[in-house]
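The values are calculated or read from the model by the stated rules, or taken from the named source; none is laboratory data. Bear in mind the structure is a predicted one, so any value in this text is a computation, not a measurement. Because the Cβ atoms are built from the backbone with ideal geometry, glycine has one as well, and the counts that use them run over all protein chains shown.
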Amino acid sequence: MNYRHIYHAGNFADVLKHIVLVLCLEYLQRKAGGLCLIDAHGGAGLYALDSEEAAKTGEWEKGIGCLEANEATPADLKLYLDLVAPDLAGRRYPGSPLILARSMRAQDRLIAAELHEPTFEALHATLKPYKNARAMHMDAYECVRAHIPPKERRGLVLIDPPFELKDEFNTLARQMREWKKRWATGLFMVWYPIKAHLAVAELKEAARELGLRRTWVAEALVRPRERAGSLNGCGVIVFNAPYSVPERVEALLPRLKEAMGLHATAAEWLVPEI
């Protein structure tokens, strides 16, 4: 494993991913029934922004470091900022498993998978205080397959690979078909990087061809999409997107673009309501 998220924690990609995650969860929790939350690529769960690694890239300063709550902050953005504010005060940033764990109700449960041994140990320690949260030392896709459909019949699955493998986009396309067979009504979130040489268009077309209702995508670009040799942006595909969430995220995109100095943002429906 070469990828270490500590270099990137709190950057523009985390901001976009976590805003979508928080708004999806907030919508699901409007109903009283319990939720099964699965974070397939859990990471360490909590990252020190004053570490040598984070200081080396300074990515968080151009991401979450550009955002702060004030009287003019939209309620949906404040919902996210309030969740991460306690950590930022201590120069830390929470990963998605910790954001989910803190947001759980008594009837909800969280399963977070991490295959890399030292990172798993960190994740286990991060989630230990949360009664209904469980860290699992296993492959991400095996974890998803093993736990869907959940007994609760409602929930959310976050897939956030490090994209170290050259065939990760093909793997995702195959896995998406498996998810549909097992849990066609599940809410799935897939994060992906945008680089000139990566098959982003093919991934989105595979998502479109899957035909799951309300398939929506949002993207944030820090550089032109086709610039070679760099991370140009990221996107989040949401299958079975909750009502109002795409519109709420899209309303925030201009503010995020201005605050973080993004090159561009985009959002579109791959499969609208059927």
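Listed by first and then second residue, the pairs linking a residue in segment 134-163 that is under 15 Å from L37 (Cβ atoms) to a residue that is surrounded by 16 or more Cβ atoms within 10 Å (Cβ to Cβ) and among the acidic types (D, E), with Cβ atoms under 8 Å apart and 6 or more places separating them unless they lie on different chains, are A135/E114; M136/E114; L158/D39; D160/D39. Out of the residues in segment 219-235 that are among the hydrophobic types (A, V, I, L, M, F, W, C) and within 17 Å of E164 (Cα to Cα), state the one that is surrounded by the fewest Cβ atoms within 10 Å (Cβ to Cβ). Looking at residues that are among the hydrophobic types (A, V, I, L, M, F, W, C) and within 17 Å of E164 (Cα to Cα), I get L231. Would you confirm whether any residue within segment 246-263 is closer than 18 Å to N11 by Cα, assigned to a strand (DSSP E or B) and at pLDDT 95 or above? No: segment 246-263 contains no residue that is closer than 18 Å to N11 by Cα, assigned to a strand (DSSP E or B) and at pLDDT 95 or above.
The single condition among (1) closer than 29 Å to D76 by Cα; (2) out of contact with any Lys or Arg (no Cβ under 8 Å at 6 or more places or on another chain); (3) modelled with pLDDT of 95 or more that L270 does not satisfy is (2). Listed by position, the strands (runs of 3 or more DSSP E) contained in segment 1-110 that have at least 3 residues being in contact with a Lys or Arg (Cβ under 7 Å, 6 or more places away or on another chain) and not polar (S, T, N, Q) are 46-48. Restricting attention to segment 92-141 and to residues that are among the hydroxyl-bearing types (S, T, Y) and more than 17 Å from the chain's Cα centre (by Cα), the residue that is surrounded by the fewest Cβ atoms within 10 Å (Cβ to Cβ) turns out to be Y130. Would you confirm whether or not segment 180-201 contains a residue that is part of a loop (DSSP other than H, G, I, E, B), of a type in the set (S, T, Y) and at pLDDT 95 or above? Yes - at least one qualifying residue is present in segment 180-201. Entry remark, segment 132-162: residues being in a loop (DSSP other than H, G, I, E, B) and β-branched (V, I, T) number 1 in total. For segment 163-179, a residue qualifies if it is over 20 Å from N240 (Cβ atoms) and not in a loop (DSSP other than H, G, I, E, B), and the qualifying residues are E168, F169, N170, T171. Checking each residue in segment 61-97 for being more than 19 Å from H147 (Cβ to Cβ), touching a strand residue (DSSP E or B) at 6+ places or on another chain (Cβ under 6 Å) and without any contact (Cβ under 8 Å) to a residue 60 or more places away in the chain picks out D87, R92, P94.
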